[in-house]
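A.B. asks: Attaching a single structure in structure tokens format; questions to follow.
Read the figures in this text as sums done on the coordinates, not as results from a lab. Keep in mind that this is a model prediction, so the values were computed, not measured. Here the Cβ positions follow ideal geometry from the backbone for every residue, glycine too, while neighbour counts run over all protein chains shown.
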Amino acid sequence: MAKSGTIACLLPATALYLREDAAPGRRMVDEGVAVAISTDCNPGSSPTTSMPLVMNLACISMRLTPAEALTAATYNAACAINRQEKVGSLEVGKQADVVLWNVENYQELQYLFGVNHVKTVWKKWCASCE
């Protein structure tokens with residue numbers, strides 16, 4: 001997968017809900033595979049919309065670091081759908097749904113799960129978009 005540039009799309013909440021083993025995220029990252037994570041929100045196998053929970057599960061069950069989980073949820077997810085030139089990171093000219101979290105640092109998003117950390121949201125915000 002690393003050689004082909006394929007983005008592995010991992011679903012930590014689905015594995016938990018279905019009581020299955022989580023994908024080997026740590027091994028994939030260590031072998032150079034870019035990983036993305038998602039809620040896979042649906043009523044049959046993953047009834048959650050909580051990305052902080054999914055990032056927490058990626059850290060605990062897949063052994064990703066908090067930085068890797070955040071990257072998997074943002075930039076790598078944009079790469080997985082070939083939208084990295086328009087979304088996925090905070091850069092001039094890109095569109096973003098920006099969430100201001102009420103946490104000390106990004107690691108708290110994964111550590112303090114089950115808590116609504118949202119302070120403010122800007123939908124489709126863009127600095128200097130054409």
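A.B. asks: Please state the charge dipole magnitude for the chain, taken about the Cα centre, from unit charges on C-beta atoms (+1 on K and R, -1 on D and E), reported in debye and rounded to the nearest 20.
C.D. replies: On the way: 11 positive and 12 negative charges, 33 e Å.
Dipole about the Cα centre, nearest 20: 160 debye.
A.B. asks: Please give the peptides 85-97, 32-44 ranked by average Cβ packing (other Cβ atoms within 10 Å per residue), highest first, as a rough proxy for protection.
C.D. replies: The packing order, highest mean first, is 32-44, 85-97.
A.B. asks: Compute the FRET efficiency between LEU18 and CYS126 as 1/(1 + (r/R0)^6), taking r as their Cβ-Cβ distance and R0 = 35 Å, and round to the nearest 0.05. Let's see the in-between values first.
C.D. replies: Working: r = 38 Å, r/R0 = 1.07.
For R0 = 35 Å, the calculated efficiency reads 0.40.
A.B. asks: So if I average 1/r over every pair of distinct C-alpha atoms in the chain and take the inverse, what Kirkwood radius in Å does that give?
C.D. replies: In the chain this quantity evaluates to 15.3 Å.
A.B. asks: For VAL118 and SER45, FRET efficiency with R0 = 35 Å and r from the beta-carbon atoms, rounded to 0.05?
C.D. replies: On the way: r = 25 Å, r/R0 = 0.72.
Computed FRET efficiency for SER45 and VAL118: 0.90.
A.B. asks: With the contact rule set at Cα under 8 Å and sequence spacing of 6 or more, what percent relative contact order holds for the chain? Could you put the intermediate results ahead of the total?
C.D. replies: Working: 227 pairs, mean separation 27.4, N = 130.
After rounding, I find 21 percent.
A.B. asks: When the helices in the chain are scored as -39500 (n - 2.57) per DSSP H run of 4 or longer and the sum is shared across all residues, what 222 nm value do you end up with, to the nearest 500 deg cm²/dmol? Numbers along the way, then the final one.
C.D. replies: On the way: 6 runs with 42 residues, N = 130.
Value at 222 nm, helices only, nearest 500: -8000 deg cm²/dmol.
A.B. asks: Can you give the extra length, in nm with one decimal, that the chain gains between CYS9 and LEU90 once fully stretched, where that is 0.36 nm per residue apart less the Cα-Cα distance?
C.D. replies: Result for the pair: 27.0 nm of gain on full extension.
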